[in-house]
Amino acid sequence: MKSYELNITNEVDDFLHDFAMRNGVSISETVRRAFALLCIVEKEKRRDPTCTVGIVREHEDQSVEVVAEIKI
């Protein structure tokens with residue numbers, strides 16, 4: 001397994017620690033999950049350049065609300 005040295009802001013470091021603690025995982029696992037999401041996004045973007053990343057909320061009536069959209 002490869003390792004990398006990263007320079008990150010204090011804000012990102014705080015987020016990584018908070019996320020890891022809330023989810024009971026290590027910082028390394030947190031970063032791996034973030035990169036896994038990035039890989040999924042990139043794969044879909046290559047397949048369809050018009051796609052975007054979104055956060056959706058599904059309601060009880062099965063309708064879906066777009067909460068956030070990130071154009072990549």
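Charge dipole (Cα centre; +1 on Lys/Arg Cβ, -1 on Asp/Glu Cβ; no other charges) of the chain amounts to roughly 460 debye. Would you mind telling me which residue in Arg46, Arg57, Arg32 has the biggest mean-square fluctuation in a Gaussian network model of the chain, where springs connect alpha carbons within a distance under 10 angstrom? The residue that fluctuates most here is Arg57.
What 222 nm value per residue comes from the helices of the chain, counting each DSSP H run with n ≥ 4 as -39,500 (n - 2.57) and dividing by all residues, nearest 500 deg cm²/dmol? Let's see the in-between values first.
On the way: 2 runs with 35 residues, N = 72.
Computed ellipticity for the chain at 222 nm equals -16500 deg cm²/dmol.
Which of the listed residues, Thr30, Ser63, Val41, is farthest toward the dipole's positive end in the chain, when Lys, Arg count +1 and Asp, Glu count -1 at the beta-carbon? It is Val41. Couplings 3J(HN,Hα) of region 31-41, computed from phi: 5, 4, 5, 4, 5, 4, 4, 4, 5, 4, 4 Hz, in residue order, whole Hz [Karplus 6.51 cos²θ - 1.76 cosθ + 1.60, θ = phi - 60°; x for Gly and Pro].
Shown is the FRET efficiency for Val12 and Arg57, computed with R0 = 30 Å from the Cβ-Cβ distance and rounded to the nearest 0.05: 0.75.
Annotation: amide H of Val53 within the under-5 Å range of Ile70, Ile72, sequence separation 5 or more or interchain, hydrogens built in the peptide plane.
In a DSSP loop and with at most 11 other Cβ atoms within 10 Å, the chymotrypsin sites (Phe, Trp or Tyr not before Pro) in the chain are Tyr4.
Within region 10-70, the proportion of Cα pairs with more than 19 Å between them is 54 percent. Estimate the FRET efficiency between Val25 and Val66 by the formula 1/(1 + (r/R0)^6), using the beta-carbon distance for r and 25 Å for R0, to the nearest 0.05. E(calc), rounded to 0.05, equals 0.35.
Read-outs throughout are calculated quantities, based only on the coordinates presented, and are distinct from any laboratory measurement. Predicted model, so just to flag it, every value in this text is computed and none were measured. Using ideal geometry, Cβ is built from the backbone for each residue, glycine included, and neighbour counts are taken over all protein chains shown.
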